Amino acid sequence: MKFVCTACGREEDTHTRKSKCDCGGLWELSYTPPKFTLEDIDRDTWSIFRYRKFMALTGDTWRDVTLGEGMTPIIPFQEGVWFKMDYFMPTLSFKDRGAAVLIAHAKAIGVDRVVQDSSGNAGNSVAAYCGRVGIACDIFVPEGTSDKKIRMIEAHGATAHIIPGNRDHCADVCRATAREKQLYYANHVYNPFFYEGTKTYIYETYEQLHRIPEHIFIPVGNGTLFLGIVKGLEHLLQSGLIPHMPQLYLVQSERCQPLLQAMAEHAAQIRPGTSSATLAEGISIGLPMRSAEILSYVYRYHVKGVAIPEEKILPARSKLARRGIYCEHTTAAVYAGYEAYCQKHGPLSDVLISMCGAGLKSDHG
């Protein structure tokens, strides 16, 4: 198993502390899992690591790192619509899937301090897993991040650095700090081990339903869930367990939609533009670093795009809460996107929507 540069093809040992290739390209893993079968799931392990036979892992450090992440239920919400309750996690967001694998890798290669930038959820998750195994942690968050997310980060023993400006500027500051202080950049976008965790979203769905729903709505900022879902679906396709790729819907805010704009132009890369603040802070990413990879999957699998009207977010959140589901703004925005799509194109049946983050973490706005 090696890292391979997505730009120049250069290989690097996965024990490297480099966050990316010397040419500037991001890493991907040269790893091909065996065919997926339900029989090869370790049903005695109650976490995402029940699927470890199909995951690129570095040793057994996952045993010390795991907090029981994953195994979230799928519930019917309305006729033809299923919710995967992915905020039923140790830190109340789906990011625990990727963070558990990423920090297990960091622990395995002897990392003792990490830095990471986040809109809140990924930072909280990395902080928790670092605290679990004694790795020092600095999390950089943009101003305007929910105070509750910041307090949770600090409660796990990490240092939270609040950076003036938007999410993209926060990432620039964090990466500069990592370079200057030669710290391990435990970033959920850069490090491909994170996607080994997020792809378990699909493994769980298949194990729970014994099939994959026909329509899947996915919030996309940096694309960590989207990329994991595509990798998981490709694995099921290659294993002969599903007949075709389901219809995927890439959901972004009307106020920050660089990928949707690129899709409209059928561009291979996003064109940097202006974004304005949105309640959907988890997908407020103006410059997703893996945009070329995301867009290649979009065109390969005919992924559709959905823009969320900002004024629909809070009503969607209230509607969900009145049905017992108290989610954060970004998660409510995905449901709002589903409703907006149906209003424009007609109803859909057999739909899966991820409930990504819990509402108590984002009581603002």
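The values are calculated or read from the model by the stated rules, or taken from the named source; none is laboratory data. Quick caveat: nothing in here was measured; it's all calculated off a predicted structure. Here the Cβ positions follow ideal geometry from the backbone for every residue, glycine too, while neighbour counts run over all protein chains shown.
Given the options Ala186, Ala128, name the one that is outside the structural domain of Lys2 (by TED's automatic domain parsing) and in contact with a strand residue (DSSP E or B) (Cβ under 7 Å, 6 or more places away or on another chain). On inspection, the qualifying residue turns out to be Ala186. Of the candidates Ala292, Ala280, Ala268, the single residue that is surrounded by fewer than 20 Cβ atoms within 10 Å (Cβ to Cβ) and over 12 Å from Gly223 (Cβ atoms) is Ala268.
Would you point out the residue of region 301-337, among those that are surrounded by fewer than 21 Cβ atoms within 10 Å (Cβ to Cβ) and under 20 Å from the mean Cα position of the chain (by Cα), that is nearest to Gly357 (Cα to Cα)? Top of the filtered list is Tyr326.
If I filter region 39-49 for residues that are at pLDDT 95 or above, outside any loop (DSSP other than H, G, I, E, B) and under 26 Å from Gly357 (Cβ atoms), do I get at least one hit? Yes - at least one qualifying residue is present in region 39-49. Restricting attention to region 132-154 and to residues that are modelled with pLDDT of 95 or more and surrounded by fewer than 17 Cβ atoms within 10 Å (Cβ to Cβ), the residue that is nearest to Asp64 (Cα to Cα) turns out to be Val133. Residue-level check: of (1) assigned by TED's automatic domain parsing to the domain that holds Ala307; (2) surrounded by 22 or more Cβ atoms within 10 Å (Cβ to Cβ); (3) part of a loop (DSSP other than H, G, I, E, B), Tyr201 misses just (3). Residues being closer than 15 Å to Arg17 by Cα and surrounded by fewer than 24 Cβ atoms within 10 Å (Cβ to Cβ) are represented in region 155-175 by at least one member. Listed by first and then second residue, the pairs linking a residue in region 251-269 that is over 12 Å from Lys304 (Cβ atoms) to a residue that is aromatic (Phe, Trp, Tyr), with Cβ atoms under 9 Å apart and 6 or more places separating them unless they lie on different chains, are His266/Tyr299; Ala268/Tyr299.
Number of residues in region 54-86 that are under 21 Å from the mean Cα position of the chain (by Cα) and not hydroxyl-bearing (Ser, Thr, Tyr): the value is 19. Taken as a whole, the condition of being free of Cβ contacts under 8 Å to residues at least 12 places away in the same chain and either outside the structural domain of Gly357 (by TED's automatic domain parsing) or among the β-branched types (Val, Ile, Thr) (or both) applies to Arg151. Of all residues in region 148-198, those satisfying the criterion of being part of a helix (DSSP H, G or I) and of a type in the set (Val, Ile, Thr) are Ile150, Ile153, Val173, Thr177, Thr198. Remark: pairs (first residue in region 50-62, under 20 Å from Ala128 (Cβ atoms) and of a type in the set (Ser, Thr, Tyr); second residue outside any helix (DSSP H, G or I) and at pLDDT 95 or above; Cβ separation under 7 Å; 6+ apart in sequence or on different chains) = Thr58/Thr14; Thr58/Ile109. Within the set Gly324, Gly286, the sole residue that is under 24 Å from Phe77 (Cα atoms) and part of a loop (DSSP other than H, G, I, E, B) turns out to be Gly324. When Phe77, Phe88, Phe140, Phe83 are checked against the criterion of being assigned to a loop (DSSP other than H, G, I, E, B), aromatic (Phe, Trp, Tyr) and in contact (Cβ under 8 Å) with a residue 12 or more places away in the chain, Phe88 stands alone in meeting it.
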